[in-house]
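Worksheet: the structure to be examined is printed underneath.
Since every read-out is calculated from the coordinates, none of them should be taken as a lab result. Only a predicted model underlies this, so the values are computations on that prediction, with no experimental measurement involved. Note: ideal-geometry Cβ built from the backbone for every residue, glycine included; neighbour counts use all protein chains shown.
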Amino acid sequence: MPFARTVLILRQVADAVAYVHGHGLVHRDIKPANILLDEDGEVYVADFGLATDPAAGATMTGTGHLLGTPDYMAPEQALGERARVGEATEVYAMRAVLYECLTGAAPFAGRALIDKIHAVVHEDPPPPRRVLREVPRDLEVICRKAMAWGE
């Protein structure tokens, strides 16, 4: 995907996610399959089946259960730490989507599930420019900053 188009799409995704957060919800499954584009290029975030309202204490899962798509999960989500899942979790997911748009693959693609979960919690993916040299440096910096966990 052209880099400029990627930025436009993710900006619309960020606006949609901010709107959702403004209404007290957390989507919990931001991924390419849940980002829809219409004929006019408008972006829609879909599939709120895993969404939750943290303020209400509502949840669809028990403590420690994995919920979401591992390729786009933030560490706190991968660890099953429900109380920590929130806006930063969604930023991490959007970063994983950005990473895939820039490089052509999710950050830890090709790994077995348990290895992927371990990597999400304990590793940084290869810098986008190491995967694809054409990635603009500014987008790499944004991508790497957005995945920072616990900082």
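Descriptive notes on the structure:
- The residue list 109, 69, 85 was ranked by how far each Cα lies along the charge dipole of segment 3-146 toward its positive end, using unit charges on Cβ atoms, and 109 comes out on top.
- Coupling constants for segment 107-117 follow from the phi torsions by the Karplus curve (6.51 cos²θ - 1.76 cosθ + 1.60, θ = phi - 60°), and in residue order they are x, 10, 4, x, 8, 5, 3, 5, 5, 5, 4 Hz; glycine and proline get x.
- Note, ³J(HN,Hα) from phi for segment 14-23, Karplus 6.51, -1.76, 1.60, rounded to Hz, x at Gly and Pro: 4, 4, 5, 5, 4, 4, 4, 4, x, 9
- Residue-wise HN-Hα couplings along segment 81-98, as the Karplus relation 6.51 cos²θ - 1.76 cosθ + 1.60 with θ = phi - 60° gives them from phi, are 8, 3, 5, 8, 6, x, 4, 4, 4, 5, 4, 4, 4, 5, 5, 5, 5, 4 Hz; Gly and Pro carry x.
- Chymotrypsin sites (Phe, Trp or Tyr not before Pro) restricted to DSSP loop in segment 79-151 with at most 16 other C-beta within 10 Å: 149
- As a rough footprinting exposure proxy, the listed residues 37, 102, 25 were ranked by other beta carbons within 10 Å of their own, and the order from fewest upward is 37, 25, 102.
- If R0 is 35 Å, the Cβ-Cβ spacing of residue 79 and residue 38 corresponds to a FRET efficiency of close to 0.45.
- Fraction in percent of alpha-carbon pairs per bin - 5 Å, the chain: 2, 9, 20, 23, 21, 15, 8, 3, 0, 0
- Going from the residue with the fewest nearby Cβ atoms within 10 Å to the one with the most, 79, 98, 113 rank 113, 79, 98.
- Neighbour-count ranking [beta-carbon atoms within 10 angstrom, fewest first] of 118, 23: 23, 118
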